[in-house]
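Beneath this line is the structure, given in structure tokens, with notes to follow.
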Amino acid sequence: MPTLDKVVNLFAVVIPFLATIAAIILFWNQIVTPADLIIMVGMYLVTALGITVGFHRLLTHRSFQTFKPVEYLFAILGSMAVQGPVTTWVADHRKHHAHTDQEGDPHSPHVGHDGGVKGVLQGLFHAHVGWTFTEHGKADQKKYAKDLYEDRGMKFISDWFVLWVVLGLLIPAGLGYLVTGTLAGAAGGFLWGGLVRVFFVHHITWSINSVCHFLGTRRFDVDDESTNVFWLALPSLGEAWHHNHHAFPRSANHGLKKWELDPSAWVIKAMEKVGLAKKVVRITPERQAEKLAK
């Protein structure tokens with residue numbers, strides 16, 4: 001990776017982390033308002049859905065179809081999660097599926113690390129955050145994300161990534177000012193709904209790369225190390241049913257059983273009911289039964 005990209009990624013990882021440490025101190029001293037926390041949760045849901053429904057299920061795997069303006073809106077919301085431009089994210093993720101837990105996978109915890117405790121920890125660190133400094137953005141967009149690369153609207157959104165990041169920080173600041181009418185309220189919105197929110201979205205998403213390829217449950221016959229991790233399901237908005245996803249990558253539902261809670265699938269279903277989603281891919285019980293591990 002170019003040095004500039006590494007520096008940018010370092011700031012994108014470190015600044016939200018430091019802001020979260022500061023926020024914990026403020027929270028401990030009760031210097032936080034209900035508005036701060038509501039703005040944080042709201043921004044978390046909107047931008048995380050931009051990743052889970054938008055970047056992942058819609059744009060990477062084409063689990064459903066929608067109108068171009070809706071695609072572009074999800075691409076912008078996902079960009080506000082500060083995980084890289086949409087074409088870069090999609091290319092990296094499609095490469096991950098093409099080489100899952102094998103040489104060429106951008107963020108497998110199982111490739112290129114020796115055995116033993118040290119090797120396990122190195123692998124988990126690489127899969128969680130280390131890969132963003134070494135492999136992020138290396139996937140050939142013309143090969144892995146040609147449909148987005150050739151879409152002028154997506155290309156514009158991708159090229160203006162920094163604009164969406166800045167908007168994703170200014171919107172919660174503006175909401176904080178709107179609610180309180182004070183600069184302190186704007187600062188609280190910026191901190192909690194901006195930087196702290198980015199920290200949580202980052203690490204929940206990256207936990208799918210690390211935790212959900214290392215521990216958890218499996219029931220399908222797949223040639224990788226993907227797992228389902230129930231306690232990550234709600235924070236990840238359903239992405240932690242990751243083994244299910246690797247068994248059926250195009251499925252709009254990652255939670256395949258009734259008790260496998262999948263908020264992103266609920267959003268897609270709601271979109272379908274109002275005519276914003278069509279040709280939604282769902283896996284029948286019969287197909288699931290055929291792929292169960294013997």
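The values are calculated or read from the model by the stated rules, or taken from the named source; none is laboratory data. None of these values were measured; they are calculated from a predicted model. All Cβ positions, glycine included, derive from the backbone under ideal geometry; neighbour counts span all protein chains shown.
Worth a mention:
- Test: A173 is of a type in the set (G, A, S) and in a helix (DSSP H, G or I): yes
- Just one of (1) closer than 15 Å to H213 by Cα; (2) surrounded by 18 or more Cβ atoms within 10 Å (Cβ to Cβ); (3) not β-branched (V, I, T) fails for L121. It is (2).
- Only residues that are part of a helix (DSSP H, G or I) and among the β-branched types (V, I, T) were counted across segment 176-235, and they come to 9.
- Segment 200-242: number of residues that are over 12 Å from the mean Cα position of the chain (by Cα) and of a type outside the set (K, R): 25
- Restricting segment 130-142 to residues that are closer than 15 Å to V111 by Cα and assigned to a helix (DSSP H, G or I), the residue that is modelled with the lowest pLDDT is T134.
- So G112, is it over 19 Å from the mean Cα position of the chain (by Cα), touching a residue at least 12 places away in the same chain (Cβ under 8 Å) and either surrounded by fewer than 18 Cβ atoms within 10 Å (Cβ to Cβ) or on the phi > 0 side of the Ramachandran plot (or both): yes
- Checked against (1) surrounded by 15 or more Cβ atoms within 10 Å (Cβ to Cβ); (2) modelled with pLDDT of 85 or more; (3) outside any loop (DSSP other than H, G, I, E, B), A12 meets all criteria but (2).
- Taken over segment 27-65, the residue count meeting the criterion of being farther than 24 Å from N253 by Cβ, over 17 Å from the mean Cα position of the chain (by Cα) and touching a residue at least 12 places away in the same chain (Cβ under 8 Å) is 6.
- Flag for D92 being over 15 Å from S264 (Cα atoms), touching a residue at least 12 places away in the same chain (Cβ under 8 Å), touching a Lys or Arg at 6+ places or on another chain (Cβ under 8 Å) and buried (at least 24 other Cβ atoms within 10 Å of the Cβ): yes
- Any hit, segment 256-266, residues being surrounded by 21 or more Cβ atoms within 10 Å (Cβ to Cβ), in contact with a strand residue (DSSP E or B) (Cβ under 9 Å, 6 or more places away or on another chain) and not basic (K, R): yes
- Pairs are defined by a Cβ separation below 7 Å, a sequence spacing of at least 6 or placement on different chains, a first member in segment 66-84 that is within 17 Å of A270 (Cβ to Cβ), and a second member that is polar (S, T, N, Q); the pairs so defined are L77/T47.
- Candidates G168, G188, G153, filtered to the one that is in contact (Cβ under 8 Å) with a residue 24 or more places away in the chain and in contact with a Phe, Trp or Tyr (Cβ under 7 Å, 6 or more places away or on another chain): G153
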